[in-house]
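Q: Input: one structure, supplied below.
The values are calculated or read from the model by the stated rules, or taken from the named source; none is laboratory data. Being a predicted model, the structure only gives us computed values, none of them experimental. Note that we place each Cβ from the backbone using ideal geometry, even for glycine, and neighbour counts take in every protein chain shown.
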Amino acid sequence: MADVPTQLDLFDAGRREALLSPTRFDAAIIDVPGSDVNILFNVAATMGEEVARFLQAGFNGLFLSTANGDALDRWVFDRYGLTRFEAQSAVATLQLTRADTAVGVTIPSGSTFSTIDGQVFETVVDAVFAAGNGGPLFVSAVAQRTGTEGNVAAGTITVVTASLPVQDILVDNPNILDEEGNIIEPGAAAGGRAAETDDEFRERARQFFVNARRGTKSAIEFGALQVPRVAQATAIENLNTETGDPGFRVQLNIADVDGQSNPALAEEVSESLDEFRALGVPVSIINAIPEYVNIVAEGLQFEAGANTAAVLSEARNRILAVVNGIPPAEILRRAAIINALESTELLIVPNDALIEPAGDLVPTLGTVIRTTADRITLSP
């Protein structure tokens with residue numbers, strides 16, 4: 001989009017007009033800082049620039065690609081009825097147990113429990129222990145603070161912070177395992193996120209009409225992404241293993257900004273999907289569990305004059321963005337990592353530089369591939 005004229009552009013336009021018109025202005029006088037005519041032209045040009053900026057801001061607000069802030073909120077809501085996601089608190093499923101079961105007791109909703117470092121979670125339903133029942137009972141809880149800090153790991157919500165009717169309550173958010181030790185229900189809190197940025201909101205709005213036809217693969221994924229705590233969703237059609245025909249089932253893998261999920265978040269998605277899945281076709285929601293991988297590249301070289309530490313830091317950030325941007329159930333391609341390295345300025349990547357992973361990585365069922373800065377080793 002063309003830029004509006006600046007103060008200097010307007011001053012030059014006024015100067016040219018004054019010299020072309022039958023006036024007694026002298027070019028030298030106009031250009032003398034502090035002269036009456038110089039001040040007059042500068043004031044007029046400055047006012048014109050402010051008016052031009054105001055008009056440009058209004059014009060920008062007429063288009064999805066250029067609207068920002070409140071103007072973007074108005075544009076999207078007027079046309080699609082969508083509103084920007086605010087910052088979200090993480091959700092978790094707490095396991096409550098008690099030792100004394102002689103008398104029944106109710107742990108009321110609104111009771112608080114926390115991690116050792118002070119991330120407080122508040123229950124949203126009552127937990128009713130009948131006489132003789134020591135649990136475990138499972139209740140949903142929401143972090144009191146918004147943001148990703150609430151996405152705490154399994155086994156970390158262990159502190160009772162509320163004044164409860166009894167003092168023998170124990171709390172935890174464990175992973176639920178099957179007989180072979182595999183995680184079947186993640187215990188980590190999930191869904192905490194910052195407020196939706198302009199770019200994120202704009203991209204979600206662009207998907208509105210694409211997914212107006214409900215029941216398609218992308219529409220089901222779009223429906224899951226209308227839950228503010230969900231950052232990624234991948235729908236997979238289950239096929240008949242004998243014929244390869246559609247099996248009338250959909251598997252939906254979901255993850256938050258940290259690549260994880262839990263039953264509480266899955267329940268929110270399940271409610272959202274009523275308006276997006278095909279009627280009568282069940283959607284099985286799979287909670288993503290991060291599967292962390294190591295990235296190793298050796299023999300990297302640099303162009304002359306490069307700040308090697310800064311170049312390696314930029315390369316590491318690019319790899320983090322690529323790997324941690326992979327949706328659940330998607331394959332991590334070696335080519336994507338190599339491309340991230342080769343796109344780093346001043347870095348020279350030999351053909352055999354990427355040591356690990358040795359091939360494309362296929363996630364196991366219910367996992368999402370992730371990495372961290374300390375798992376990325378880049379060596380000159």
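Q: Does ASP258 count as of a type outside the set (A, V, I, L, M, F, W, C), within 19 Å of ASN324 (Cα to Cα), in contact with a Pro (Cβ under 8 Å, 6 or more places away or on another chain) and not in a strand (DSSP E or B)? Working first, answer last.
A: Numbers: of a type outside the set (A, V, I, L, M, F, W, C): yes; within 19 Å of ASN324 (Cα to Cα): yes; in contact with a Pro (Cβ under 8 Å, 6 or more places away or on another chain): yes; not in a strand (DSSP E or B): yes.
Here the answer is yes, as ASP258 does meet what is asked.
Q: Let me ask you something else. Those residues that are farther than 20 Å from GLY110 by Cβ and either in contact with a helix residue (DSSP H, G or I) (Cβ under 9 Å, 6 or more places away or on another chain) or of a type in the set (S, T, N, Q) (or both), I need them from region 133-152; list them, please.
A: Once the filter is applied, which keeps residues that are farther than 20 Å from GLY110 by Cβ and either in contact with a helix residue (DSSP H, G or I) (Cβ under 9 Å, 6 or more places away or on another chain) or of a type in the set (S, T, N, Q) (or both), region 133-152 yields ASN133, THR148, ASN151.
Q: Here are some conditions: (1) closer than 30 Å to SER140 by Cβ; (2) loosely packed, with under 12 Cβ neighbours inside 10 Å; (3) charged (D, E, K, R). GLU50 meets all but one. Which one does it not meet?
A: Exception for GLU50: condition (1).
Q: Yes or no: ALA52 modelled with pLDDT under 90, more than 30 Å from VAL159 (Cβ to Cβ) and not in a strand (DSSP E or B)?
A: The answer is yes for ALA52.
Q: Across region 195-217, what is the number of residues that are surrounded by 14 or more Cβ atoms within 10 Å (Cβ to Cβ) and either among the hydroxyl-bearing types (Ser, Thr, Tyr) or in contact with a Cys (Cβ under 8 Å, 6 or more places away or on another chain) (or both)?
A: 1
For every residue, the table says whether it meets (1) surrounded by 13 or more Cβ atoms within 10 Å (Cβ to Cβ); (2) closer than 15 Å to PRO165 by Cα; (3) without any contact (Cβ under 8 Å) to a residue 60 or more places away in the chain.
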| position | (1), (2), (3) |
| --- | --- |
| GLY61 | yes, no, yes |
| THR66 | yes, no, no |
| ASP70 | no, no, yes |
| SER89 | yes, no, no |
| GLU122 | yes, no, yes |
| ALA130 | no, yes, yes |
| LEU137 | yes, no, yes |
| SER140 | yes, no, no |
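Q: Hey, ALA329 hits all of (1) among the small types (Gly, Ala, Ser); (2) loosely packed, with under 14 Cβ neighbours inside 10 Å; (3) in contact (Cβ under 8 Å) with a residue 60 or more places away in the chain but one; which does it fall short on?
A: Status for ALA329: all satisfied but (2).
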